[in-house]
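The values are calculated or read from the model by the stated rules, or taken from the named source; none is laboratory data. As the structure is a prediction and not an experimental result, all values here were calculated from the model. Virtual Cβ from ideal backbone geometry, glycine too; neighbours counted across all protein chains shown. Note: accessible area is taken over every heavy atom of the protein model, side chains too, but ligands, DNA and RNA are not part of it. Shrake-Rupley method; radii C 1.70, N 1.55, O 1.52, S 1.80 Å.
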Amino acid sequence: MASRTHAITLVPGDGIGPEVSASVVRIAEAAGAATGVKFDWHSFAAGADAFERFGEYIPQALYRSIEENKVALKGPVTTPVGEGFSSINVALRQRFELFANFRPVKNLPGLKTRYPNIDLIIVRENTEDLYAGLEHVIVPGVVQSLKIITEKASTRIAQFAFEYARKHGRKKIHAIHKANIMKLSDGLFLRCCRGIAATFPDVAYAEHIVDNTCMQLVMNPYQYDILLTENLYGDILSDLCSAFVGGLGLVPGANLGTECAIFEAVHGSAPDIAGKDLANPTALLQSAVLMLHHIHEPATAERIQAGLEKVYAEGKVLTRDVGGTSGTSAFADAVIAAMDTA
Ligand code: NAI
């Protein structure tokens, strides 16, 4: 069979990152072998590992690789809490202007979770808000963190959400905000969302305050279709929504810009289970499925998704976070085997 080769930048990450990315690479290669797709993985360390080895948290070669390949698959990278270096994830999103963080939350067949039939999407602005990292000590004991909201970024993310909704037949967008308190910043975000909403009369539009949204989500998540948010609210709501469908081991994500895209799970480096063959690779695997659609390899994407869904539907080989007893690697083996019969 003639095959196409895709050069993909790979950041295995740290914590559970190397385990889940090794499994995902194995599954992607097996699916590619059956569908005429080859991968040329360009692998790079980032974060503390990269600093130890190369004296840089993000090696220049990693930046260059993403610039050239335009697509990366990334495992989680630990960010020290309350001290140390700034987030690698935020730096990459800002550097490549990956303005849209796209996170679909959907049940997998057969997996019993807190809610059945969830199908909602979080569209999160990915480049500004409190993640601009502008913090300083005014006087000892007083710190200022700047929340940056711009018309340009708010309009761009709203446009992305509405275009996605129209293209994929999604019915409703809720803009999530706290404009009752942050009247200027969240007020600007809402004005931009309303401006774009007015140009998409076929997509319903509503606004909910973020704290109420948390309660509404837990009471009745089915009222939501697409949640359109600023950076911080989207980060928090993503973890909350992941719990509807079985937790952080499952939910994928894409960081999308106009030139480049980085695909990564919602979860972090999970230091509590790292190195123990306990992590669920599903979230990164579903991120790879999003990536395969992005690079126009739907047959490979669908083969992986079908194998994954078969393993969940059978429920025999599952990781511990979703009630099973299998390890990361055994789960990957099961997905590879299931792809042949799904
Ligand atoms: P976390 O997402 O790493 O873990 C939260 C909980 O979910 C833990 O109990 C963990 O065991 C569980 N969990 C996460 N992923 C799992 C998986 N694939 N399979 C099974 N269980 C899983 O969040 P936490 O502990 O708040 O953050 C740890 C580190 O990760 C921090 O340094 C944080 O900055 C970083 N982080 C990195 C991200 C990225 O690289 N994109 C995203 C989020 C956090």
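The figures follow:
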{"quantity": "Whole-number D in µm² s⁻¹ for segment 109-172, Kirkwood Cα-pair radius fed into Stokes-Einstein, 25 °C, 0.890 mPa s", "calculated": "160 µm²/s"}
{"quantity": "For segment 119-243, share of DSSP beta bridges that run antiparallel, in % to the nearest 5", "calculated": "25 percent"}
{"quantity": "For segment 119-243: relative contact order, % (alpha-carbon pairs under 8 angstrom, 6 or more apart)", "calculated": "37 percent"}
{"quantity": "Neighbour cut-off at most 15 other Cβ (10 Å), DSSP loop, trypsin sites (Lys or Arg not before Pro), segment 249-319", "calculated": "LYS276, LYS316"}
{"quantity": "Radius 13 Å from Cβ of ARG103, net charge of other residues (Lys, Arg +1; Asp, Glu -1)", "calculated": "-3"}
{"quantity": "Selected from MET182, HIS168, GLY195, residue furthest toward positive end of dipole (segment 159-200; charges at beta carbon)", "calculated": "HIS168"}
{"quantity": "Length-normalised contact order for segment 34-139 - Cα pairs under 8 Å, 6+ apart - percent", "calculated": "18 percent"}
{"quantity": "Candidates per GluC sites (Glu not before Pro) in segment 244-342, loop by DSSP, up to 11 other Cβ within 10 Å", "calculated": "GLU259"}
{"quantity": "Label-point gap, in nm, between HIS168 and LYS112 - each point 7 angstrom along Cα→Cβ", "calculated": "2.9 nm"}
{"quantity": "Descending Cα extents along the principal axes, segment 119-243, whole Å", "calculated": "52, 31, 22"}
{"quantity": "Kirkwood Rh in Å, taken over the chain so that all alpha-carbon pairs contribute", "calculated": "20.7 Å"}
{"quantity": "Phi to ³J(HN,Hα) by Karplus 6.51 cos²θ - 1.76 cosθ + 1.60 over segment 310-324, Hz, x for Gly, Pro", "calculated": "5, 4, 5, 4, 6, x, 8, 10, 10, 7, 5, 4, 10, x, x"}
{"quantity": "Local electrostatic count, LEU120, Cβ distance below 9 Å [Lys/Arg +1, Asp/Glu -1]", "calculated": "-1"}
{"quantity": "0 to 90° range, to nearest 10: angle between helix 282-294 axis and the chain longest Cα axis", "calculated": "80 degrees"}
{"quantity": "DSSP beta bridges in the chain [antiparallel fraction, %, rounded to 5]", "calculated": "40 percent"}
{"quantity": "Over the chain, relative contact order from alpha-carbon pairs under 8 Å, at least 6 apart, %", "calculated": "22 percent"}
{"quantity": "Distance between modelled label sites at TRP41 and VAL142, nm, 7 Å Cα→Cβ extension", "calculated": "5.2 nm"}
{"quantity": "Principal axis dimensions, segment 66-143 - Cα atoms, whole angstrom, descending", "calculated": "55, 38, 21"}
{"quantity": "Accessible surface, segment 119-243, averaged per residue in Å² (probe 1.4 Å)", "calculated": "47 Å²"}
{"quantity": "Links that overshoot a 18 Å alpha carbon limit, given the list LYS106/LYS172; LYS74/LYS167; LYS38/LYS167; LYS112/LYS310", "calculated": "LYS74/LYS167; LYS38/LYS167"}
{"quantity": "Accessible carbon and sulfur surface of the chain relative to its total accessible area, %, 1.4 Å", "calculated": "56 percent"}
{"quantity": "Fully extended contour minus Cα-Cα distance, from THR79 to ARG4, at 0.36 nm per residue", "calculated": "23.4 nm"}
{"quantity": "Burial order of peptide ranges 64-72, 138-146 (average beta-carbon count within 10 Å, highest first)", "calculated": "64-72, 138-146"}
{"quantity": "Residue-count net charge about SER329 - beta-carbon cut-off 13 Å; Lys, Arg +1, Asp, Glu -1", "calculated": "-1"}
{"quantity": "Inter-probe distance in nm under a simple model that places probes 7 Å from Cα toward Cβ, at GLU67 and ALA34", "calculated": "3.9 nm"}
